[in-house]
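Chemist: This is the structure, below, for whatever I ask next.
The values are calculated or read from the model by the stated rules, or taken from the named source; none is laboratory data. All values reported here derive from a predicted model rather than from experimental measurement. For neighbour counting, all protein chains shown are included, and Cβ atoms are generated from backbone atoms with ideal geometry for every residue, glycine included. Protein only, heavy atoms only, side chains kept; ligands, DNA and RNA dropped before computing areas. Shrake-Rupley method; radii C 1.70, N 1.55, O 1.52, S 1.80 Å.
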Amino acid sequence: MSESTYDLLVIGGGPGGYVCAIRAAQLGLKVACVEKRDGLGGTCLNIGCIPSKALLQASEKYEEAQHQLADFGVKTGKVSLDLKTMMAHKDSTVEANVKGVEFLFKKNKIDWLKGEGRIVGVGEVSVGDKVYKAKNIVIATGSTHTDLPGITVDEQQVVSSTGALELPKVPKQLVVIGGGVIGLELGSVWQRLGAEVTVVEFLDRLVPTSDGELSKAFLRILKKQGMKFKLKTKVTGAKVAKSGVTLTVEPAAGGAAEEIKADVVLVSIGRRAYTDNLGLDKVGVEVSERGLVKTDAQFRTNVAGIYAIGDVITGPMLAHKAEEEGVALAEQLAGKVGHVNYETVPSIVYTWPELASVGRTEEELKAAGLAYKIGKFNFSANGRARAMLATEGFVKILADANSDRILGAHIIGPEAGNLLHEVVVAMEFGGSAEDLARSFHGHPTLNEVVKEAALAVDKRAIHA
């Protein structure tokens, strides 16, 4: 076996891992990154965030051409779907992003160790038949889909999010098990392209971590778009045949079972940390009951020199959360002060309209016994939204009743994911609702809805 020594060796080339590697290299460390996929970027770039957004964007264009352009006075002929070209667009988008990361590795002189990494001792990682030594090891292996007991994912008729990105044709009937972010996004894609979509959710609401008022509005809007829902319902079995899949479902609280038939079933009930075959038990790295790697505030495990970031540790499984942890850890290892403010991690659902949140929900504030004020403003009262024929939804800002400090913001509406970030920045600097309200907002823009919601916290919205 040959040996090489690095200051930092990162296991996993996803958003957390590759960003950690790049930042560490920028700070002068000798860095290697282990990745077993053919391309860098992890789940996000290869089979997650990026390809799903490519299909979401393409399917929105298709629906717009079919149903919405005429309202703007743009008349088209018969609109048809070229799924092969749409999938090619998705694949080329993925390839461009993956190649971009490869370029950044070369630019920053980071060694890509291709293969499956395994910790074989303190400061030692094997990749294939080689062992590499490192002063510091970072576990950044991300997450994978969670299986539903009794249902086998074959990626043909019963698919995970990976299979849902590769369907060869539009299913007539698609059942999505799980009313979370991934299921609703991919369900939206195939519904726009012609599928009848039914979402089965065990809980009584969609996107259960979101603010309750947004969740209710979201359900109403998606129903209006034609998506069907079975809330407070559990799946107890599945029969797969050439003709399709038959699911057995029943009320979560108990009751009579019924059957639902589908061409394709998407299992999207969450994700779990991917720590298989890493050798954690061999070196004694502690893992929680949920399979998450235990770390302290500096991302240190209980074993000296071994760290973990991203989906394998506690917190939301989001690419941007992993990225910030990667940067903070790299800076700490280089002798600087790295920090992540978990109070300002944004969460976005890229359906239409989008759902975007940061900070506390109203339910969380009530549970904590905190006094708060609410400011809310509807897109229907915004000039730019009217011009766009995109008036569904609202902005909701929650501020401390005494200090006026922004505690949370929740948006459902057009470009919600983009609009949220001015609130994220304000919260990062401890800003108040009044700070937002007194800041210039160009006219006419959708951002004015954020300003009006901030004004509404003090009951002084201008256009309400």
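Chemist: Taking the condition of being touching a residue at least 40 places away in the same chain (Cβ under 8 Å) and open to solvent by less than 80 Å² (accessible area, probe 1.4 Å), how many residues in region 59-82 meet it?
Modeler: Counting residues in region 59-82 that are touching a residue at least 40 places away in the same chain (Cβ under 8 Å) and open to solvent by less than 80 Å² (accessible area, probe 1.4 Å) gives 6.
Chemist: Ok, one more. What number of residues within region 330-350 are free of Cβ contacts under 8 Å to residues at least 60 places away in the same chain, open to solvent by 60 Å² or more (accessible area, probe 1.4 Å) and not aliphatic (A, V, I, L, M)?
Modeler: 3
Chemist: When the residues of region 243-257 are filtered to those that are more than 14 Å from VAL158 (Cβ to Cβ) and in a strand (DSSP E or B), which remaining residue is least open to solvent (accessible area, probe 1.4 Å)?
Modeler: The residue in question is VAL249.
Chemist: Out of curiosity, is GLY305 touching a residue at least 12 places away in the same chain (Cβ under 8 Å) and either β-branched (Val, Ile, Thr) or surrounded by fewer than 18 Cβ atoms within 10 Å (Cβ to Cβ) (or both)?
Modeler: Working: touching a residue at least 12 places away in the same chain (Cβ under 8 Å): yes; either β-branched (Val, Ile, Thr) or surrounded by fewer than 18 Cβ atoms within 10 Å (Cβ to Cβ) (or both): yes.
In short, yes.
Chemist: Still on this structure: Taking region 102-127, which residues are over 30 Å from ALA304 (Cβ atoms) and either open to solvent by less than 20 Å² (accessible area, probe 1.4 Å) or under 27 Å from the mean Cα position of the chain (by Cα) (or both)? Lay out the reasoning, then the answer.
Modeler: Looking only at region 102-127, we keep the residues that are over 30 Å from ALA304 (Cβ atoms), and these are 102-103, 106-107.
Once the filter is applied, which keeps residues that are over 30 Å from ALA304 (Cβ atoms) and either open to solvent by less than 20 Å² (accessible area, probe 1.4 Å) or under 27 Å from the mean Cα position of the chain (by Cα) (or both), region 102-127 yields GLU102, PHE103.
Chemist: Also, quick follow-up: Among the residues of region 407-458 satisfying the criterion of being in a loop (DSSP other than H, G, I, E, B) and free of Cβ contacts under 8 Å to residues at least 60 places away in the same chain, which is most open to solvent (accessible area, probe 1.4 Å)?
Modeler: Among residues in region 407-458 that are in a loop (DSSP other than H, G, I, E, B) and free of Cβ contacts under 8 Å to residues at least 60 places away in the same chain, the one most open to solvent (accessible area, probe 1.4 Å) is PHE440.
Chemist: Restricting region 182-238 to residues that are surrounded by 22 or more Cβ atoms within 10 Å (Cβ to Cβ), among the charged types (D, E, K, R) and not in a helix (DSSP H, G or I), which is nearest to the chain's Cα centre (by Cα)?
Modeler: Only one residue fits best here, namely ASP211.
Chemist: Then there's this: Does region 30-37 contain at least one residue that is farther than 17 Å from LYS107 by Cα, touching an Asp or Glu at 6+ places or on another chain (Cβ under 7 Å) and open to solvent by 10 Å² or more (accessible area, probe 1.4 Å)?
Modeler: yes
Chemist: Among the residues of region 288-298, write down those that are free of Cβ contacts under 8 Å to residues at least 60 places away in the same chain and either surrounded by 14 or more Cβ atoms within 10 Å (Cβ to Cβ) or polar (S, T, N, Q) (or both).
Modeler: SER288, LEU292, LYS294, THR295, GLN298
Chemist: Here's another thing I want to ask about it. Consider VAL340 carefully, then state whether it is within 24 Å of the chain's Cα centre (by Cα), in a loop (DSSP other than H, G, I, E, B) and among the aliphatic types (A, V, I, L, M).
Modeler: Here the answer is yes, as VAL340 does meet what is asked.
Chemist: Among the candidates VAL285, VAL327, single out the residue that is closer than 30 Å to ILE139 by Cα, assigned to a loop (DSSP other than H, G, I, E, B), open to solvent by less than 50 Å² (accessible area, probe 1.4 Å) and aliphatic (A, V, I, L, M).
Modeler: Among VAL285, VAL327, only VAL285 is closer than 30 Å to ILE139 by Cα, assigned to a loop (DSSP other than H, G, I, E, B), open to solvent by less than 50 Å² (accessible area, probe 1.4 Å) and aliphatic (A, V, I, L, M).
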